[in-house]
Every structure is written in C-alpha cells, then in structure tokens.
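Participant: Below: one structure in structure tokens.
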Amino acid sequence: MAYIVKPLVTEKMTALTEKENKYGFIVLPSANKVEIKKEIEAKYNVNVVSVNTMNYAGKRKSRYTKAGVIKGRTNAFKKAIVTLKEGETIDFYSNI
C-alpha cells in the first residue's frame, strides 16, 4: 500500500534539506514510522536513518465576501520528516 501522498517542497523544508539532509513528506494518517521508512527506501533507493512524524489538525477558516461570511475548514494531515544517511539525496525533479 502507498503511504506517501506527496513530497513536501517548501522554503523551510528546502533549507532543512540543505542543512541537515532531512526531507519532508505528507503521508496517510494511518501510516507508522516503519511503513514510511520501508516505502521511502524502496521508492527512492536510499538508506533512511530516522523518521519523525507529526499530526496536524484541520483549522477553522472564515472569510468575508460579497455574499456574506463563508466558513470552512482546512484538511487534517500527517507529516513525516525523514533523515537520510550521510551523502545520500533524493531528487524530486528528476522525472519532470
């Protein structure tokens, strides 16, 4: 089963990648650290040293429009920060 939803490519994650060789991924909320590690090692052919996970709750948002106040909610998600073995990298842009 695919536990990785998408890689996380933001300014903050790019800085963390350059500094500490860590990569971020959005994963399924049901995934655990062992499953995430196995899938990343198989998919990207790298050695994973550690996996840290974080659960984010959805937040309530509202905005004012011409039609009135629109209320909604952002999605909840789980984020995984993966530390790779020294000298290894993941190239997210190789298949573009």
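The values are calculated or read from the model by the stated rules, or taken from the named source; none is laboratory data. A quick note: this is a predicted structure, and the numbers were derived from the prediction, not measured. We place every Cβ from the backbone using ideal geometry, glycine too, and count neighbours over all the protein chains shown. Accessible surface areas use protein heavy atoms only, side chains included; no ligands, DNA or RNA. Shrake-Rupley method; radii C 1.70, N 1.55, O 1.52, S 1.80 Å.
Participant: Mind checking which residues of the range 71-96 are out of contact with any strand residue (DSSP E or B) (no Cβ under 7 Å at 6 or more places or on another chain) and open to solvent by 50 Å² or more (accessible area, probe 1.4 Å)? Show your work before the answer.
Facilitator: Initial filter on the range 71-96 (out of contact with any strand residue (DSSP E or B) (no Cβ under 7 Å at 6 or more places or on another chain)): 75, 86-89, 91, 93-96.
Across the range 71-96, the qualifying residues are Asn75, Glu86, Gly87, Thr89, Asp91, Tyr93, Ser94, Asn95, Ile96.
Participant: In this structure, is Asn21 at pLDDT below 95, under 15 Å from the mean Cα position of the chain (by Cα) and closer than 20 Å to Thr10 by Cβ? Can you show your working first?
Facilitator: Numbers: at pLDDT below 95: yes; under 15 Å from the mean Cα position of the chain (by Cα): yes; closer than 20 Å to Thr10 by Cβ: yes.
Taking the combined requirement at face value, the residue satisfies it.
Participant: Of everything in the range 24-60, what is of a type outside the set (Gly, Ala, Ser), without any contact (Cβ under 8 Å) to a residue 24 or more places away in the chain and closer than 21 Å to Lys12 by Cβ? Give them in sequence order.
Facilitator: Answer for the range 24-60, where residues must be of a type outside the set (Gly, Ala, Ser), without any contact (Cβ under 8 Å) to a residue 24 or more places away in the chain and closer than 21 Å to Lys12 by Cβ: Tyr56, Lys59.
Participant: Need a quick list: strands (runs of 3 or more DSSP E) entirely within the range 1-70 having at least 2 residues that are open to solvent by 70 Å² or more (accessible area, probe 1.4 Å). So that I can check it myself, show each step before the final result.
Facilitator: Values: elements: 4-8, 22-27, 48-56, 60-65.
The strands (runs of 3 or more DSSP E) meeting that bar are 4-8, 48-56, 60-65.
Participant: Select from the range 75-93 the residues that are modelled with pLDDT under 95 and of a type in the set (Ser, Thr, Tyr) and list them in ascending order.
Facilitator: Correct list: Thr89, Tyr93.
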